[in-house]
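Novice: Input: one structure, supplied below.
The values are calculated or read from the model by the stated rules, or taken from the named source; none is laboratory data. Computed from a prediction, not measured in an experiment: that's the story for all the values here. Here the Cβ positions follow ideal geometry from the backbone for every residue, glycine too, while neighbour counts run over all protein chains shown.
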Amino acid sequence: MKGTAITVLFIAGTLGATVASPAVGQDAAWWGELEDRGAGMHVLDADSVYHVSGFTYGDIYRDMQRNGPGTDEIGVRLGMHTSEWRWSYRFTSAPGERCRLSEATVLLKSTIVLPEWTNVSTAPPEIATGWRPFLQALTRHEEGHRSRAKAQGVFLWQTLLGLAADDCDALQTIVDEMAERVIAEGRAAQVAYDRDTGHGLTQGAAWPPRP
């Protein structure tokens, strides 16, 4: 993989290498928070909020449009989940044996962005009462994205551990291609989840609330 860093170690006649992928995502600064945890599948939940205010459905929706995570094919995005990935692995190859992974690490940064209504306590009761069930439904939808990403990370880690090749150069290519393929399959599953739920609308994540 372009940009991959490799450290090669020679120990007792065995060739070993530690390989780390470049981070897949917008910001890789979180890597340092996870890299010392060792082999396995590790997740960093990094949630945030954006603020909205107002006393009418329209006021609040306009703030969602102005301050929220943007738009998609169905309009204003009221919430958002993003996944950022990095994987690393160590392989070994003794004379006369196939090159195999001796350990693998998969790191996932899972971020959920939700709205926070700053003046809900002073808002008209007929509007405020609809906020809590809306926010619960939106949270449930975004947590669905998170759970799918975590499951994909576990699957990726388990898949990597079973890989082997006749030589280590070939194995490195196989591992990186497999990781990219599994992550792409995960993205497709997220798209399908949004399609099946109407981006959360069928789960109650609509503003203004639907009757």
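Novice: Which one of these does Val106 not meet: (1) over 23 Å from Ala189 (Cβ atoms); (2) in contact with a helix residue (DSSP H, G or I) (Cβ under 9 Å, 6 or more places away or on another chain); (3) among the hydrophobic types (A, V, I, L, M, F, W, C)?
Specialist: Against the list (1) over 23 Å from Ala189 (Cβ atoms); (2) in contact with a helix residue (DSSP H, G or I) (Cβ under 9 Å, 6 or more places away or on another chain); (3) among the hydrophobic types (A, V, I, L, M, F, W, C), Val106 comes up short only on (1).
Novice: Tell me yes or no: at least one residue of region 86-108 is of a type in the set (Phe, Trp, Tyr), within 30 Å of Met64 (Cα to Cα) and either buried (at least 20 other Cβ atoms within 10 Å of the Cβ) or at pLDDT below 90 (or both). Steps first, answer last, please.
Specialist: Applying the first criterion (of a type in the set (Phe, Trp, Tyr)) to region 86-108 yields 87, 89, 91.
After this cut, where a residue has to be within 30 Å of Met64 (Cα to Cα) as well, the list is none.
Taking every residue of region 86-108 in turn, none turns out to be of a type in the set (Phe, Trp, Tyr), within 30 Å of Met64 (Cα to Cα) and either buried (at least 20 other Cβ atoms within 10 Å of the Cβ) or at pLDDT below 90 (or both).
Novice: Tally time: how many residues in region 160-179 are under 15 Å from the mean Cα position of the chain (by Cα) and without any contact (Cβ under 8 Å) to a residue 40 or more places away in the chain? Outline the logic, then answer.
Specialist: The initial filter retains those residues of region 160-179 that are under 15 Å from the mean Cα position of the chain (by Cα), namely 179.
In the following step, the residues that additionally are without any contact (Cβ under 8 Å) to a residue 40 or more places away in the chain were identified as none.
Of the residues in that region, 0 qualify.
Novice: Can you confirm whether Leu138 is touching a Leu at 6+ places or on another chain (Cβ under 7 Å) and either in contact (Cβ under 8 Å) with a residue 12 or more places away in the chain or crowded, with 16+ Cβ neighbours inside 10 Å (or both)? Talk me through it step by step, then tell me what you get.
Specialist: Details: touching a Leu at 6+ places or on another chain (Cβ under 7 Å): yes; either in contact (Cβ under 8 Å) with a residue 12 or more places away in the chain or crowded, with 16+ Cβ neighbours inside 10 Å (or both): yes.
Spelling it out, Leu138 is indeed touching a Leu at 6+ places or on another chain (Cβ under 7 Å) and either in contact (Cβ under 8 Å) with a residue 12 or more places away in the chain or crowded, with 16+ Cβ neighbours inside 10 Å (or both).
Novice: So which residues in region 52-85 are surrounded by 15 or more Cβ atoms within 10 Å (Cβ to Cβ) and in a strand (DSSP E or B), if there are any at all?
Specialist: Answer for region 52-85, where residues must be surrounded by 15 or more Cβ atoms within 10 Å (Cβ to Cβ) and in a strand (DSSP E or B): Val52, Val76, Met80, His81, Thr82, Ser83, Glu84, Trp85.
Novice: Checking the conditions here, which among Val43, Val49 is within 21 Å of the chain's Cα centre (by Cα), modelled with pLDDT of 95 or more and not in a loop (DSSP other than H, G, I, E, B)? Steps first, answer last, please.
Specialist: Details: Val43 fails: modelled with pLDDT of 95 or more.
After ruling out the rest, the residue left standing is Val49.
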